[in-house]
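A.B. asks: First the structure, then my questions, so here it is.
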Amino acid sequence: MIDLYDKKLNCTETLRDKWPVLIDTFVDFYGEDRRKEIEEKFSKALPIAYLSIKDKKSYLSKIDAEISSNMFNAMLKNEVSNFTYKDLLGTCTLKNPKHSIIDRFDTFYNLHCLGAEGRKTLYKKEGLENIQIYIPAFTASEYDEMVETRELPSKYEKANTVLRNYLLDCSDISKADDTYKRAFKLISSFISKIDPNITLDNFDSYVQNNEIKTLIKYTQIFPALLTEYNEIMKKYKTIQEEVDLAAVNEEKYQTEYYYKLIESNRDLLKEEDLKLFDSVKGELKTHKLNKNITSVFGSGLDSSAGILSFSEENNEKLADSDASSWVKESITNERISYFKARGIDLGDKYEDYVNSPEAKTVWPSNERISNFQSMKDRLKSESNDAFYSSLPSYIETKKEVDALNLLGPTSGYETRIFKDAIGPTYVCPNIVKKDNGYELFSTVVINSGLNVEDGVVDHHIIHEFNHLFELHLNKVDDSACDILCGWDDLHLKMQRCENDENEENTRSHELFNEVINEIITQEIYTKMLEKDRHVFDTKEYAKARRLTSYDNYIFLVKDFYKEFKDDIIASRSDGRIDIIFDKVGKENFEDLNQLIKACGQNFSGFKYLHLINDLRNKKETENTKKFNDLIQKRDAILEKMQRYSLEHSIDNSKISK
Amino acid sequence: MINTIEVIIRSGIFDSIHLIISYPRESCYMNNKIYTLNDKFLDELVRTIRLWDNEYGYDQMIDSEEFKVIVTTNEKEEIFHGKGIFPSNYQGFKRLLGEIHD
């Protein structure tokens, strides 16, 4: 599996290296005559495969576990013994074998070999070194004298008690064997399994015991094994550093900027809460902050801040007779918590606060609320910038994307993909300016972090690349362009305008388009598997069915696809939706489109699971009625399409005669 | 009073979060597992979504992330939706959902 994990950790390179495989796979499906077209379409895209920080961490840990196990087991295999990896390394790996039995036995046996005198010498050496960490000028003769006399050198007699005790402790060689005894205690339960009679005092007589002999041999080989392991792991150093840095930085920046928000609004806290804040603000963790502080500021920059519950938007909701009671209740509860945090507790009735002159004294002004909101937004954005600019892999790809000079409103390479638990996979169509006009150029963003065992990443890649192949630039000017992706109409503005948001959905065939794209994907991917071609997934786990959310709709279009496959594919890959309109009738096509939309509305989320459950249990419910209705309509539409197609072909043949 | 909150997030081409919270039991069912939630979590969730618009619209990407939150009370069902276009505190919302674990 290490090869597979390596591919995932170097996912963008892997994806780009497999370019020829993807092209050959698409040529197998669409035909050799379309090779040039496929190559050209794919060349007008920047493929970006990514792993979230969490996924990188997980793959590094899998690699560590597998390499450790392979190397350690190879070492065990070379010696005749009954010891297993679990016996000697337990849950540790070679990355950090501290506290494992082999490490503890090694420590003990080294001390044992030193003998009593040797352990004293070691204790003295380490004692002096430990003192010199704090007092570099402390000399060896001062130390020897202190060991002899058990008295502090005169110049340290007036030092504080902690230092005096530390110096005496480091020079007390009667404790030289304490470490040795502790080392034995840590392995005693393991050693007693070899022979319950082994003690620290009689250990010497067991050195010739076969199992002890093997253990000793292992400890002699172990350092070389660790060196070899560290050498192998060097190739993951950069990724490991990024993961370590991200783990620290994410929390660090979030806390740092959250504290800045509190610091700039200290007057919102009571004196005792301020004292608490001042005492913890140097720490990275925010859990020590009390409820009063979090009620005013929220528990972090992403969380809801009590003071903002007084905003105009919240006032409007409270005054709106149509607003839901849960919304109003949430606002008033948050405000009550805010008043309590500011030291005004009039109980749990919101009206009592509204009518209280005392509560008015802490009621935030609109200006204050607006300033607070702006500051919070600014700090959130600064915290995000600080975090992402510390991630080398993000910066590297960002540079590559920026160099493309894409003209669309977004490059598609978004920061959130690094933080999401399950990041998205998508195509972001875009436009670039060339000497002879505008050209399509897209980014294809692939989440390659999904479980190896799920075997889904290659399938997702084919799904997105088929979208790429079906992209057509229909119309373009300096301000916008129309793109057709299969049957899906996209309208791209060159720059994002304020009023772009909340636009009506103009992509009327989007879901239909996706479902057909998924069927085509399954066919292409099946061919890819037949040829034993892979990008990320292995033969063992790769699957071609039931891998996307669009699978739930396939039952509506399966027969339609089967019946009109050639025209469907021609219309999509040629960017001519009229081909399929002419074949099955535009009205019938739109009826099927509406049916898919209705299915999406009726059976999204848990409703779909309820439906499956009802169908399995052969229950007659509202859900099954709707489902049966969909099936009937689907069959009726298909019949109409077949009739239309037949009549149309008869008409055409008459015309041609 | 809220009866249920359902959250469906489609990350590109696959369902990434499928969550339903039933009140007043205050446990939730997410991606085939049951979790217990505390009042603090539920308060924060409601605070996060209470000012959301019902529709955020659609972007012009292919397979972009889509969210749907359905809040059901005795009186009505409210739906909040967006595809590729999200409320300003959406990352906070996702972070909050990320707190649900074993």
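A.B. asks: Can you name the helices (runs of 4 or more DSSP H) wholly within segment A:536-627 that have at least 2 residues being surrounded by 14 or more Cβ atoms within 10 Å (Cβ to Cβ) and within 29 Å of the chain's Cα centre (by Cα)?
C.D. replies: A:606-616
A.B. asks: Sticking with this one: When you scan segment A:279-290, do you find a residue that is away from chain B (no Cβ under 14 Å) and either of a type in the set (Val, Ile, Thr) or in contact with a Phe, Trp or Tyr (Cβ under 8 Å, 6 or more places away or on another chain) (or both), even just one?
C.D. replies: The answer is yes, given that some residue of segment A:279-290 is away from chain B (no Cβ under 14 Å) and either of a type in the set (Val, Ile, Thr) or in contact with a Phe, Trp or Tyr (Cβ under 8 Å, 6 or more places away or on another chain) (or both).
A.B. asks: If you go through segment A:326-349 one residue at a time, do you hit one that is β-branched (Val, Ile, Thr) and surrounded by fewer than 16 Cβ atoms within 10 Å (Cβ to Cβ)?
C.D. replies: Within segment A:326-349, not a single residue is β-branched (Val, Ile, Thr) and surrounded by fewer than 16 Cβ atoms within 10 Å (Cβ to Cβ).
Results for (1) assigned by TED's automatic domain parsing to the domain that holds A:Met375; (2) among the aliphatic types (A, V, I, L, M); (3) at pLDDT below 95, shown as yes or no for each residue.
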{"site": "A:Ser192", "(1), (2), (3)": "no, no, yes"}
{"site": "A:Tyr206", "(1), (2), (3)": "no, no, yes"}
{"site": "A:Asn209", "(1), (2), (3)": "no, no, yes"}
{"site": "A:Lys213", "(1), (2), (3)": "no, no, yes"}
{"site": "A:Ala224", "(1), (2), (3)": "no, yes, yes"}
{"site": "A:Ala246", "(1), (2), (3)": "no, yes, yes"}
{"site": "A:Glu250", "(1), (2), (3)": "no, no, yes"}
{"site": "A:Lys270", "(1), (2), (3)": "yes, no, yes"}
{"site": "A:Leu276", "(1), (2), (3)": "yes, yes, yes"}
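A.B. asks: Check B:Tyr58 against each of (1) open to solvent by less than 20 Å² (accessible area, probe 1.4 Å); (2) within 7 Å of chain A (Cβ to nearest Cβ); (3) over 26 Å from A:Phe297 (Cβ atoms) and name the one condition it does not meet.
C.D. replies: The number of the failed condition is (1).
A.B. asks: When you scan segment A:97-107, do you find a residue that is assigned by TED's automatic domain parsing to the domain that holds A:Gly449 and not in a helix (DSSP H, G or I), even just one?
C.D. replies: No, the conditions are met nowhere in segment A:97-107.
A.B. asks: State which residue pairs qualify: first residue closer than 16 Å to A:Ile48 by Cα and facing chain B (nearest Cβ under 7 Å) and inside segment A:408-434, second residue open to solvent by 10 Å² or more (accessible area, probe 1.4 Å) and assigned to a helix (DSSP H, G or I) in any location, beta carbons under 9 Å apart, and separation of 6 or more residues or different chains.
C.D. replies: Correct list of pairs: A:Arg416/B:Gln91; A:Arg416/B:Lys94; A:Gly423/A:Asp55; A:Gly423/A:Arg416; A:Pro424/A:Arg416.
A.B. asks: Can you pull out every residue in segment B:61-82 that is out of contact with any Cys (no Cβ under 8 Å at 6 or more places or on another chain), within 8 Å of chain A (Cβ to nearest Cβ) and in a strand (DSSP E or B)?
C.D. replies: Of everything in segment B:61-82, those that are out of contact with any Cys (no Cβ under 8 Å at 6 or more places or on another chain), within 8 Å of chain A (Cβ to nearest Cβ) and in a strand (DSSP E or B) turn out to be B:Lys68, B:Ile70, B:Val71, B:Thr73, B:Glu78.
A.B. asks: Quickly run through segment B:1-55 and pick out the residues that are more than 7 Å from chain A (Cβ to nearest Cβ) and among the hydroxyl-bearing types (Ser, Thr, Tyr).
C.D. replies: B:Thr4, B:Ser22, B:Tyr23, B:Ser27, B:Tyr29, B:Tyr35, B:Thr36
A.B. asks: Now, a different point. Restricting the search to segment B:1-49, which residues are acidic (Asp, Glu), modelled with pLDDT under 90 and under 21 Å from B:Ile79 (Cβ atoms)?
C.D. replies: The one that is acidic (Asp, Glu), modelled with pLDDT under 90 and under 21 Å from B:Ile79 (Cβ atoms): B:Asp15.
A.B. asks: If a residue must be loosely packed, with under 12 Cβ neighbours inside 10 Å and free of Cβ contacts under 8 Å to residues at least 12 places away in the same chain, how many such residues does segment B:1-23 contain?
C.D. replies: Going through segment B:1-23 one residue at a time, the tally reaches 0.
A.B. asks: Starting from segment A:292-308, keep only residues that are touching a residue at least 40 places away in the same chain (Cβ under 8 Å), then list their pairs with residues that are of a type in the set (Asp, Glu) and assigned to a helix (DSSP H, G or I) whose Cβ atoms are within a distance under 7 Å, requiring at least 6 positions of separation or different chains.
C.D. replies: A:Asn292/A:Asp273; A:Ile293/A:Asp273
The values are calculated or read from the model by the stated rules, or taken from the named source; none is laboratory data. All of these numbers come straight from a predicted model, not from anything done at the bench. Because the Cβ atoms are built from the backbone with ideal geometry, glycine has one as well, and the counts that use them run over all protein chains shown. Surface accessibility is based on the protein's heavy atoms, side chains included, excluding ligands, DNA and RNA. Shrake-Rupley method; radii C 1.70, N 1.55, O 1.52, S 1.80 Å.
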